[in-house]
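Contents: one structure, followed by commentary.
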Amino acid sequence: MPPSGSLNIVVTGGAGFIGSHLCDRLVHKGHAVTCVDNLYTGRFDNVRPLSNHRNFRFVKADVREPLAIEGPVDRIYNLACPASPPHYQRDPIGTVKTCVLGAIHALELARTTGARILQASTSEVYGDPDIHPQPESYRGAVNPVGPRACYDEGKRCAEALFFDYRRVHGVSVKVARIFNTYGPRMLENDGRVISNFVVQALRNQPITLYGDGSQTRSFCYVEDLLDGLELLMESDDTVTGPLNLGNPREVTVKEIADMVLAQTGSRSRLAYHPLPQDDPRRRKPEITAAASALGWQPRIALEDGLRSTIDYFALKVATPTATAKHADSNAVIDVTARPSRKRRTALSTVGGSA
Ligand SMILES: NC(=O)c1ccc[n+]([C@@H]2O[C@H](COP(=O)([O-])OP(=O)(O)OC[C@H]3O[C@@H](n4cnc5c(N)ncnc54)[C@H](O)[C@@H]3O)[C@@H](O)[C@H]2O)c1
């Protein structure tokens, strides 16, 4: 049992980039954390340091199946979903199912346990926006039949489900629309701007810029994002969102490339490629709603966040490490198949010992 005052928290997608930082933070605050992940884009290495902690358990499971979590649940952070285009487009039908069935299964867990639940939604619900910056009231301009639709429409449907569960079942829901986030533990090969540029620069390979590099992005350091997610989760029940969480400092992709080149001292040159289909031209969050509802705003400068991200990737590039395939089988509870009664019992009993 966790010490009094602490909560039982489920983090789906907890072995991924954002989820693993969230698990770290919650465990170290004294909460009992159950990380649920199928290791599709996440890595057990991300949570390995927590694996022997008495307040942490890892459950290898797919959110497209009903979630069998025994014991009380007070909070659910629903983060399970591949987040970068190459990964969510690799199995687009699977991505839609993860967004939609994953939301239903997480919401059912919230309904049956009385837990409060937060959805990691995305700025991609705005599509390629006609207005700039995008406030939460903007309904978006998503191409429903394009290659990004599996993710964008899946996340839009998940938002709809969250508010329907609130209206129909009275579930306490929170929806965060997350804008580009970066930091240590991003995957090297995920096609996201910062990880791509940093890895290419560290290897002195050409930096791939799409279009002329004048498209804009805004990048939020992962610790700033976690502050926002936690504040939203613990906010008054009337604060449901959707709330934009991101860093409003807008920079061109070319400016990012130049910053990375300067910080790494790389010999890489810039290589220009055609823009991918439906790539948003501009992206910048309007965060006044989050600032007024939560008193939140990002604090970490891009230059500082880049430095720690570069330090992380410098180690990775020097010493490539284990992938999800090498997960420690003793520490992983595999419930990818529909769990048997025996397995459900195991779920309630396995935890760390430290
Ligand atoms: N990183 C960003 O910039 C960003 C921006 C907007 C929204 N988000 C959202 O935040 C969440 C986390 O993103 P991230 O950047 O950490 O991505 P990530 O790919 O690193 O993490 C996602 C995690 O979900 C797991 N997962 C995927 N499908 C699953 C399934 N069917 N069942 C169980 N686990 C599954 C993956 O293995 C991985 O550990 C995602 O929902 C994403 O849509 C992220």
Seminar exercise, completed: Filtering the stretch 274-302 down to residues that are modelled with pLDDT of 95 or more and not in a loop (DSSP other than H, G, I, E, B) yields T288, A289, A290, A291, S292, A293, L294, L302
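What are the residues in the stretch 3-30 that are in a loop (DSSP other than H, G, I, E, B) and surrounded by fewer than 17 Cβ atoms within 10 Å (Cβ to Cβ), if any? Can you show your working first?
Keep residues of the stretch 3-30 that are in a loop (DSSP other than H, G, I, E, B), which gives 3-7, 13-16, 29-30.
Hits for the stretch 3-30 are P3, S4, G5, K29, G30.
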Exercise. Say we look at the stretch 249-265 and pick out the residues that are in contact with a strand residue (DSSP E or B) (Cβ under 7 Å, 6 or more places away or on another chain) and of a type outside the set (A, V, I, L, M); which of these is surrounded by the most Cβ atoms within 10 Å (Cβ to Cβ)?
Worked result: K254
Exercise. How many residues does the stretch 135-187 hold that are more than 17 Å from the chain's Cα centre (by Cα), polar (S, T, N, Q) and at pLDDT below 95?
Worked result: 1
Exercise. Exactly one of (1) touching a Lys or Arg at 6+ places or on another chain (Cβ under 7 Å); (2) under 18 Å from I9 (Cα atoms); (3) not in a helix (DSSP H, G or I) is unmet by A80. Its number?
Worked result: (1)
For this session: Sort out which residues of the stretch 121-133 are under 15 Å from V175 (Cβ atoms), in contact with a Phe, Trp or Tyr (Cβ under 7 Å, 6 or more places away or on another chain) and of a type outside the set (D, E, K, R), and write them in order of number.
Result: S123, Y126
For this session: Sort out which residues of the stretch 106-135 are among the hydroxyl-bearing types (S, T, Y) and either closer than 11 Å to Y165 by Cβ or part of a helix (DSSP H, G or I) (or both), and write them in order of number.
Result: T112, T113, S123, Y126
Problem set entry | Among residues of the stretch 11-30, those that are within 11 Å of the ligand (Cβ to nearest atom) and not hydroxyl-bearing (S, T, Y), counted | 11
Exercise. What are the residue pairs meeting all of these: first residue in the stretch 25-41, first residue within 17 Å of A115 (Cβ to Cβ), second residue buried (at least 24 other Cβ atoms within 10 Å of the Cβ) and of a type in the set (S, T, Y), Cβ atoms under 7 Å, and 6 or more apart or on different chains?
Worked result: V36/T12
Problem set entry | Filter pass, V47 being closer than 22 Å to S121 by Cβ, out of contact with any His (no Cβ under 7 Å at 6 or more places or on another chain) and buried (at least 20 other Cβ atoms within 10 Å of the Cβ) | no
For this session: Among the residues of the stretch 36-56, count how many are at negative phi, near the ligand (Cβ under 6 Å from one of its atoms) and not in a strand (DSSP E or B).
Result: 4
Exercise. Would you call P86 more than 8 Å from the ligand (Cβ to nearest atom), at pLDDT below 95 and surrounded by fewer than 19 Cβ atoms within 10 Å (Cβ to Cβ)?
Worked result: yes
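Could you identify the single residue in R139, R167, R185 that is assigned to a helix (DSSP H, G or I), out of contact with any strand residue (DSSP E or B) (no Cβ under 7 Å at 6 or more places or on another chain) and either surrounded by fewer than 23 Cβ atoms within 10 Å (Cβ to Cβ) or in contact (Cβ under 8 Å) with a residue 24 or more places away in the chain (or both)?
Working: R139 fails: assigned to a helix (DSSP H, G or I); R185 fails: assigned to a helix (DSSP H, G or I).
The match here is R167.
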For this session: Being in contact with an Asp or Glu (Cβ under 7 Å, 6 or more places away or on another chain) and exposed (fewer than 15 other Cβ atoms within 10 Å of the Cβ) is the filter; apply it to the stretch 303-323 and report the residue that is modelled with the highest pLDDT.
Result: T321
Seminar exercise, completed: Being more than 13 Å from the ligand (Cβ to nearest atom) and not in a loop (DSSP other than H, G, I, E, B) narrows V33, V59 down to just V33
Exercise. Can you tell me which residues in the stretch 219-257 are touching a Ser or Thr at 6+ places or on another chain (Cβ under 7 Å), part of a loop (DSSP other than H, G, I, E, B) and more than 17 Å from I287 (Cα to Cα)?
Worked result: D237
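Which of the residues belonging to the stretch 142-156 are over 20 Å from L245 (Cβ atoms) and either in a helix (DSSP H, G or I) or among the polar types (S, T, N, Q) (or both)? Walk me through it before giving the result.
Of the residues in the stretch 142-156, the ones over 20 Å from L245 (Cβ atoms) are 143-150, 153.
Matches in the stretch 142-156: N143, A149, C150, E153.
The values are calculated or read from the model by the stated rules, or taken from the named source; none is laboratory data. What you are looking at is a predicted structure, and each value in this text was computed from that prediction instead of being measured. Using ideal geometry, Cβ is built from the backbone for each residue, glycine included, and neighbour counts are taken over all protein chains shown.
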